[in-house]
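Everything below concerns the one structure shown next.
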Amino acid sequence: LLIAVGTSICGATAIAALAPTINAKKTEITYAIANITVFGLFAMFFYPMIANSVFLNNSLSVGLFLGSSIHETAQVAGSAIIYSAQYQNQQVIGIATVTKLLRNTLMIIVIPYLAQKTISKKEKRKKIGKIFPYFVLGFIFFGLLRTIGDYFYSDVSGWINVISTIKALAEFLLIISMAAIGFNTSFLKFKELGLKPFIIGLISASTVGILSILIIFLIDYYKI
């Protein structure tokens with residue numbers, strides 16, 4: 001379940017949100033996050049080249065592919081930036097980011113659903129509130145704030161400075177959070193779980209990537 005939500009929705013964030021509801025052990029959480037991180041990093045560096053060769057620099061198709069096939073939001077952003085730098089296509093960054101954020105919002109549905117399947121009736125009221133992914137509401141709030149700000153104050157230097165400061169702070173905090181995950185990772189503990197979860201993660205990541213390409217081709221073919 002941890003690898004499933006991490007692969008399909010939002011990487012480590014979805015894993016951290018689901019873990020308490022299924023009483024996952026720290027070792028299992030760490031293994032799942034490491035799994036997602038390894039395959040996500042691979043995708044971040046290699047998917048831009050795959051996307052360019054498959055979709056021939058079509059901004060919409062490339063952005064949809066990167067946003068729907070890579071696990072972490074940060075990895076999607078990094079992959080899109082790599083693509084835009086290599087192939088001079090800035091539009092891909094926005095499309096990939098919006099696609100990924102839409103995936104993230106699915107946690108509002110998936111995490112509570114899985115929680116109510118595993119939590120007893122007495123614990124539901126106590127735990128649902130704790131595991132609800134409130135940061136998704138933050139995504140929506142700041143997305144609206146940025147949209148409104150750009151619409152009314154796009155030419156105001158103060159607004160531009162605020163955006164630059166918040167983006168720099170976000171990058172700094174992201175570095176800290178990813179480093180913290182690494183600090184809590186001990187590869188020696190993975191022996192207890194064996195290679196099966198790693199193989200499952202590989203199959204899951206590959207399946208998501210292949211299905212993403214096929215669905216994008218179908219959308220393009222039928223002009224949806």
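Does region 135-147 contain at least one residue that is open to solvent by less than 80 Å² (accessible area, probe 1.4 Å), modelled with pLDDT under 90 and within 18 Å of Ala19 (Cα to Cα)?
Scanning region 135-147, I find at least one residue that is open to solvent by less than 80 Å² (accessible area, probe 1.4 Å), modelled with pLDDT under 90 and within 18 Å of Ala19 (Cα to Cα), so the answer is yes.
Let me confirm something: among Gly194, Gly158, which residue is outside any helix (DSSP H, G or I) and either without any contact (Cβ under 8 Å) to a residue 40 or more places away in the chain or open to solvent by 70 Å² or more (accessible area, probe 1.4 Å) (or both)?
Gly194
Could you look through region 103-113, keep only residues that are modelled with pLDDT of 80 or more, part of a helix (DSSP H, G or I) and in contact with a helix residue (DSSP H, G or I) (Cβ under 8 Å, 6 or more places away or on another chain), and pick out the one that is farthest from His71 (Cα to Cα)?
Val110
Are any residues in region 206-224 more than 25 Å from Leu41 (Cα to Cα) and either of a type in the set (Gly, Ala, Ser) or open to solvent by 80 Å² or more (accessible area, probe 1.4 Å) (or both), and if so, which ones?
Selection gives Leu218, Tyr221, Tyr222, Lys223, Ile224.
Collect the residues in region 47-82 that are under 23 Å from Leu174 (Cβ atoms), touching a residue at least 60 places away in the same chain (Cβ under 8 Å) and among the β-branched types (Val, Ile, Thr), keeping them in residue-number order.
Hit for region 47-82 is Thr73, nothing else.
Let's see how each residue does on (1) within 23 Å of Leu137 (Cβ to Cβ); (2) of a type in the set (A, V, I, L, M, F, W, C); (3) at pLDDT below 90; (4) open to solvent by less than 30 Å² (accessible area, probe 1.4 Å):
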| site | (1), (2), (3), (4) |
| --- | --- |
| Ile3 | no, yes, no, yes |
| Ile9 | yes, yes, yes, yes |
| Pro20 | yes, no, yes, no |
| Ala24 | no, yes, yes, yes |
| Leu41 | no, yes, yes, no |
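Being surrounded by 15 or more Cβ atoms within 10 Å (Cβ to Cβ) and within 18 Å of Leu211 (Cβ to Cβ) is the filter here, so list the residues in region 94-110 that pass it. Don't jump to the end; show me each part of the working.
Of all residues in region 94-110, those surrounded by 15 or more Cβ atoms within 10 Å (Cβ to Cβ) come to 95-97, 99-101, 103-108, 110.
Passing the criteria: Ala96, Thr99, Lys100, Arg103, Leu106, Val110.
Taking region 62-93, which residues are open to solvent by 10 Å² or more (accessible area, probe 1.4 Å) and not in a helix (DSSP H, G or I)?
Glu72, Gln88, Asn89, Gln90
Here are some residues: Asn35, Asn52. Which one is over 14 Å from the mean Cα position of the chain (by Cα) and polar (S, T, N, Q)? Even if it seems obvious, please write down each step before you answer.
Values: Asn35 fails: over 14 Å from the mean Cα position of the chain (by Cα).
Going through Asn35, Asn52 in turn, the sole match is Asn52.
The values are calculated or read from the model by the stated rules, or taken from the named source; none is laboratory data. In this text the structure is predicted, and so the values were computed from the model without any measurement. We place every Cβ from the backbone using ideal geometry, glycine too, and count neighbours over all the protein chains shown. Please note that ligands, DNA and RNA were not included when accessible areas were found on the heavy atoms of the full protein model with its side chains. Shrake-Rupley method; radii C 1.70, N 1.55, O 1.52, S 1.80 Å.
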